[in-house]
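First up is the structure itself, then whatever we jot down about it.
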Amino acid sequence: MTNALLEDVDGLTTAPLAAVLGAELQAPVIDGATVRYVNLDYAASTPALQSVNDYVQRVLPYYASVHRGAGYASQISTSLYENARRTVRTFVGGREDDAVIFTRNTTDSLNLLAGCVPVDGEVLYLDLEHHANLLPWFDRPHRGIVAAETIEGTLTALEEELESGRVSLLAVTGASNVTGEILPIDRLARVAHEHGARIVVDAAQLAPHRRLDLVRDGIDYVVFSGHKLYAPFGAGVLVGRPDWLDAGTPHLAGGGAVKTVKVDSVSWTTGPARHEGGSPNVLGAAALAHATEVLAALDADDWLAHESALRNALIEGLAALSGVTVHRIFSDSTDAIGVVNFSVHGYDAGLVAAYLSAEHGVGLRDGKFCAHPLLKRLGLPSGSLRASFGLGSRHDDVDRLLAGLASLIRNGLGTDYVVDAGRWVPAVETRAFPDWAPHTPGTAGAAPCTTD
């Protein structure tokens, strides 16, 4: 990297927009030093907002069983849980009668919806979807189509498929988890409705970066996860029109989901309870709702400016490095969230990720990002690299990544690496986990792409 580029990047001083846990986390590197950990893996799981953590600690003493408890703590917990529905509905600009169902995560939400889509129609989706928005549809009539090289061409292709009249549901991502490119949800919703179909938006990536509004954009259903929304306490959500949900197969058979039960028969209830059998994740729902309040209070212009500055600085820096290619899906996309996908010529993506972690204290994602069809179409069958950022990111994070890549291109690897349990790791590992953290040798991580 040239000195001029370093000066340009270092001259940017954008600070974090919100306090997150782990912002000053120290990580060991292979030479024995300790550096501030650079978290560029927000698209997989965000750190918790400091305010969310504080909120959970404040309400935790009141945690109790919900809905049928007469005790003081139970009544408070019930209030927390049910008010979380209203908070989340407001956050996404939902309709007054929209159901808000708490789940484990986005994948769980989409599997729930899959059991509620009328059986006489197909589900239509694109090949660029995360597996969470592909696999749940496989057990019912479904069709996946290859996205065109342009957004406009993709819209045309979807409309042609919708003209058949056989589609009940169009399932699309709000923003690609691979490249960050944003799809025109309002236009997709309009086309779906014109042909008698509904639309569900996988907003796992979009919700942490952009305002959502179901009414404004004509969205029927939206799903997202707390662990990508600065509330990693095990909750996800499905928000949308109640008729399909009230008629669909109960997602989790159990207590709370019923009106009456006999030894060999059951009458199921309606509303969110129909799909929330068992004891719910009260604290997860409360944490998710509080995180939405924090995001809703952000100045939209500041939020966009912060993210755009980081993304533009990274893309410009990568473009100046020899042998680095930035990947995209559409040639005409004009907006993207804080996700950048790239590869380094001559190096396996997993090796680059291991090198950045071991030698520079930089954490990012490598693999296929649970989007196998898209990676294959992009000519990246063995995977690529993804840097992602959010509210707690700063320009020094971009600097550190670019400096690490520049050193790799200029000097090569600083130590030897081997593949262990499907992952690249230093041949001689000198870094240690904290004393309290269990570490089983040979389980450095799952095989590339199996998680996101």
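Over the chain, dividing the summed -39,500 (n - 2.57) contributions of all DSSP H runs of at least 4 residues by the number of residues returns a 222 nm mean residue ellipticity of -10000 deg cm²/dmol. The GluC sites (Glu not before Pro) found in segment 11-101 that occupy coil by DSSP, while having at most 10 further C-beta atoms within 10 Å, are Glu24, Glu96. For segment 51-296, the square roots a ≥ b ≥ c of the C-alpha gyration tensor eigenvalues yield an a/c of 1.5 or more together with a/b not exceeding b/c, which makes the shape oblate.
Over all other residues within a Cβ to Cβ distance under 15 Å of Ser77, the charged ones net out to +1, with Lys and Arg as +1 and Asp and Glu as -1. A simple charge model with +1 on the Cβ of Lys and Arg, -1 on the Cβ of Asp and Glu and nothing else charged puts the dipole of segment 235-280 at about 60 debye relative to its Cα centre. Over segment 111-246, calculate the relative contact order: mean separation of alpha carbon pairs under 8 Å at least 6 apart, over the residue count, as a percent. After rounding, I find 20 percent. With no solvent and one point per C-alpha, what does the Debye sum give as log10 I(q)/I(0) for the chain at q = 0.12 Å⁻¹? Relative scattering, expressed as log10 I(q)/I(0), comes to -1.07. Per residue, the average separation of C-alpha pairs within less than 8 Å and at least 6 apart gives the chain a relative contact order of 23 percent. Between Asp416 and Val59, the modelled label-to-label distance comes to 5.3 nm, taking each label 7 Å out from Cα in the direction of the beta carbon. Placing unit charges on the Cβ atoms only, positive for Lys and Arg and negative for Asp and Glu, gives segment 51-296 a dipole magnitude near 1060 debye about its Cα centre. For Gly254, the shell of other residues with beta-carbons less than 13 Å away shows a net charge of 0, using +1 for Lys and Arg and -1 for Asp and Glu. Residues Phe91, Phe102, Phe433, arranged from fewest to most other Cβ atoms within 10 angstrom of their Cβ, appear as Phe433, Phe91, Phe102.
Assuming R0 = 45 Å, can you tell me the calculated FRET efficiency for the pair Ala247 and Tyr72, based on Cβ-Cβ distance, to the nearest 0.05? List each step's numbers first, then the result.
Working: r = 37 Å, r/R0 = 0.82.
Efficiency, from the Cβ-Cβ distance: 0.75.
Working from label points 7 Å from Cα in the Cα-to-Cβ sense, the His193 to Lys259 distance is 3.2 nm.
Below 15 angstrom from the Cβ of Asp348, what's the summed charge of the other residues (Lys, Arg +1; Asp, Glu -1)?
+1
A short reminder: the numbers here are calculations on the coordinates, not readings from a lab. The structure presented is a predicted model; accordingly, all values stated were derived computationally and were not measured. So basically every Cβ, Gly included, is an ideal-geometry build from the backbone, and we count neighbours across all protein chains shown.
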